Every structure is written in C-alpha cells, then in structure tokens.
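To start, the structure under review is shown below, and the notes come after it.
The values are calculated or read from the model by the stated rules, or taken from the named source; none is laboratory data. From a predicted model like this one, the values you see are computed outputs, not experimental measurements. No Cβ is skipped: glycine too gets one built from the backbone with ideal geometry, and neighbour counts run over all protein chains shown.
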Ligand code: ADP
C-alpha cells in the first residue's frame with residue numbers, strides 16, 4: 001500500500017499532479033483544500049468555521065483539519081493507498097498524521113517553486129482566494145508554517161525534491177522518477 005504526501009507552496013501545481021499520480025497508481029486523492037471548499041459550499045458547520053480563515057489565506061485550525069483527515073483515512077479500506085495533498089501544512093499536523101493508524105508514509109514529494117513564479121501562476125488562476133493580498137498572505141503563511149516540513153521530512157529520510165518549473169508533463173515525469181526510488185510500489 002502506497003502512502004504519499006505531496007508538499008509544496010500554493011500554486012506549485014500540486015492539485016494537477018496529484019490527480020495524475022492517483023490515476024496512474026490507483027491511489028485515493030485527499031486534498032484538504034478541496035474538502036474544505038466542499039464543506040464551505042455545502043454550508044456545513046465545518047465549512048462555516050473554516051471559511052473566514054480560507055478567505056484571508058490563513059490556515060484553518062489544526063484540530064479541524066486533522067479531524068477531517070483522520071475521518072477520511074478511517075473511511076479508506078485497509079488496502080487502499082493514498083496521496084495527501086495540502087496536508088500536513090505545519091509541524092503539528094505532521095505529528096497528528098504520524099499518530100494515525102495509517103499515518104506512516106512511504107515518501108514525501110516536495111514540489112519546489114520560486115516565489116516569483118508562484119505569484120504569477122496564482123494571479124493567472126483567479127480562484128476567489130487568489131487576490132494579490134490574500135496570495136501574499138498565503139505565501140507568508142507557507143514560508144512560516146509549512147516550509148519547515150521540508151527539513152522535518154528530510155530528517156526522516158522521506159523527502160524527494162522535485163523541480164516544479166516546466167510543463168505538466170515534464171514535472172509528471174520527474175515525479176515518476178522520484179517515486180521509482182522511494183520504494184512506493186507501482187500499481188495500475
Ligand atoms: P493552495 O495550494 O493554493 O494554498 P489549497 O486548496 O491547498 O490551496 O488550500 C486553500 C486554503 O484551504 C488554504 O489557504 C487554507 O486556508 C485551507 N487549508 C487547506 N489545507 C489546509 C491544512 N492542511 N491546514 C489548514 N488549512 C488548510
């Protein structure tokens with residue numbers, strides 16, 4: 001069973017690559033951003049609570065997100081592999097993942113991209129939380145909260161760094177190479 005985390009700044013192309021990896025390997029795609037947006041859309045209690053944080057480009061409180069992920073992991077069959085996209089986003093979330101029964105990871109794929117390139121991509125994308133002020137805050141939050149995970153997972157020997165610059169196909173092929181030597185079984 002393959003258990004992966006896809007790490008990287010907003011706008012690095014995590015969502016796109018996540019879908020491709022999951023299709024190619026028969027993995028469940030768990031995107032906390034997507035799950036949270038769906039909750040907002042559906043007007044659930046979680047969505048109402050999460051919305052103010054998301055609109056400002058801040059992290060939704062750890063407890064809410066960790067509970068959401070724990071619930072999703074429990075719902076997966078014992079044999080299904082997964083790819084977490086957008087989680088963990090800070091050291092506390094990484095600790096809570098490590099405590100999950102299925103939280104031991106094979107590999108953390110780190111999609112690296114420079115701030116200038118990120119800014120251009122996000123401004124071009126135009127999601128409702130993609131205004132310049134909110135983007136800048138998301139990038140600051142990333143630098144402060146999420147980027148320490150690079151070192152965290154490096155120390156655990158799980159990190160594979162992938163250059164996020166290039167076409168979708170180029171990046172996908174780099175990811176494929178990285179997965180080949182991280183011990184994740186290929187399937188589908
Ligand atoms: P991006 O990759 O552009 O940051 P995401 O879809 O991953 O977009 O996340 C959108 C928003 O959802 C974040 O700005 C944050 O408010 C919230 N969010 C997503 N994942 C998490 C998480 N693991 N912890 C806290 N907040 C999260």
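Things worth noting here:
- Matching residues, region 41-63, being in a helix (DSSP H, G or I), surrounded by fewer than 18 Cβ atoms within 10 Å (Cβ to Cβ) and in contact (Cβ under 8 Å) with a residue 12 or more places away in the chain: 49, 55, 56, 62
- Candidates are the residues of region 15-57 that are near the ligand (Cβ under 8 Å from one of its atoms), in contact with a helix residue (DSSP H, G or I) (Cβ under 6 Å, 6 or more places away or on another chain) and under 22 Å from residue 112 (Cα atoms); the one that is modelled with the highest pLDDT is 32.
- Among the residues of region 64-74, those identified as more than 11 Å from the ligand (Cβ to nearest atom) and surrounded by 16 or more Cβ atoms within 10 Å (Cβ to Cβ) are 70, 72, 73.
- Segments classed as helices (runs of 4 or more DSSP H), wholly inside region 75-188, with at least 2 members that are within 12 Å of the ligand (Cβ to nearest atom) and either exposed (fewer than 12 other Cβ atoms within 10 Å of the Cβ) or touching a residue at least 12 places away in the same chain (Cβ under 8 Å) (or both): 91-98, 115-125, 132-141
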